[in-house]
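Note sheet for the following structure.
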Amino acid sequence: MNHHLSSKRRSDYQRQGLGVVSPPPKRKRTLPPSFTGQNIPDQPPDNDIRKHWPLFGHPGSSTTTSAINKRQAILNHLDDQATFKKGDEDYQVHMKLRCKVGIELEKWATVGCQLCYVLDNTGLDHTLKNCTAAGSEVAQRILSWLETLHLERYAGNVNHCSLCTETDQICEDIAIMIRRYHANTKEEKNHWTEKYMSATGPDGLCDNKPAVRRTIAALCTVDDQILGKALTNFVSKSYNIDLTLESQATKWFEEKVPLEETWVPKLLVAFDLLYQLPLVMTSITSFCGPCTTLFQGG
């Protein structure tokens, strides 16, 4: 299987030449009632992030039976559903990235405020950075830390956005390089080259990288940080990394995951584990039936 073959989505985009592709419509998701915000830690803002480690929550801080059971159910689900699983062939990972993770990436990038989206509130008029919902300070603190991490703009070659290429998404960086490739004149080609090189930030012109960070921050905040704590448990068990320590968390999030001749950022692994929140909750609800107390904050 040649994963470098153009996908239908990318081919459709290319056929439109220099035209602008309309973004997908805003989406709304209904999550279980327990995700209402009352169990979100609401801490005062503080510029010194180091005072608040572990940012993702400490698994040992939730000792009630319901909290432990909930976290274990989430871990069991992630063991089964994670895209990056030991023993999987590269082609299997590619298929999951493009058919599952990429679709979710597109969805989460267009919801406005990811925290309000998780809480089933209207958040299309603001972003996480200026959100004032309960727990927003915690999410903003996580986001601020994620923004300090090193993430290369492209993987392997300048045409390949390090986040979007393997998930089959068209970010602005990729769109510009497509336009440059199809340019008919030297002047037009130079125009798109200058546009690409004009970006001053490490993300370039990609808008999916910031969206992934916001999604991770939001999901690691809700329900007394149950997903942040579950991520900490999962990473400890699967990667022997302690996310309660800033140095180890930085090392893990900045790693590159080899994938055939290229790589994907570990940030995408974290997103893959966390965006499954609705699936996890649905799975637990179906399993527990009337045992709804499992979803109450513990």
Single condition Cys171 does not satisfy, out of (1) surrounded by fewer than 24 Cβ atoms within 10 Å (Cβ to Cβ); (2) closer than 20 Å to Pro258 by Cα; (3) touching a strand residue (DSSP E or B) at 6+ places or on another chain (Cβ under 6 Å): (2)
Evaluation of Asp223 against (1) touching a Phe, Trp or Tyr at 6+ places or on another chain (Cβ under 7 Å); (2) outside any helix (DSSP H, G or I); (3) of a type in the set (Asp, Glu) (one fails), failing number: (2)
Filter result (surrounded by fewer than 21 Cβ atoms within 10 Å (Cβ to Cβ) and on the phi > 0 side of the Ramachandran plot) within the stretch 110-154: Gly112, Asp120
Count of residues meeting criterion [in a helix (DSSP H, G or I) and buried (at least 20 other Cβ atoms within 10 Å of the Cβ)] in the stretch 197-220: 11
Some residue of the stretch 286-294 being modelled with pLDDT of 90 or more and small (Gly, Ala, Ser): no
Selection within the stretch 75-109 - buried (at least 16 other Cβ atoms within 10 Å of the Cβ) and not in a helix (DSSP H, G or I): Ala82, Thr83, Phe84, Ala109
Selection within the stretch 226-277 - small (Gly, Ala, Ser), within 22 Å of Lys96 (Cβ to Cβ) and more than 16 Å from the chain's Cα centre (by Cα): Ser238
Test result for Val158, out of contact with any Cys (no Cβ under 6 Å at 6 or more places or on another chain) and in a loop (DSSP other than H, G, I, E, B): yes
Residue in the stretch 231-249 that is touching a residue at least 12 places away in the same chain (Cβ under 8 Å), in contact with a Cys (Cβ under 8 Å, 6 or more places away or on another chain) and surrounded by 23 or more Cβ atoms within 10 Å (Cβ to Cβ) present: yes
Residue check, Thr110 at pLDDT 90 or above and among the hydroxyl-bearing types (Ser, Thr, Tyr): yes
Exclusive hit being part of a loop (DSSP other than H, G, I, E, B), in contact (Cβ under 8 Å) with a residue 12 or more places away in the chain and among the β-branched types (Val, Ile, Thr), set Ile178, Ile170: Ile170
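The values are calculated or read from the model by the stated rules, or taken from the named source; none is laboratory data. Please read all numbers here as calculations on a predicted model, not as lab measurements. Glycine gets a Cβ as well: all are built from the backbone with ideal geometry, and neighbour counts include every protein chain shown.
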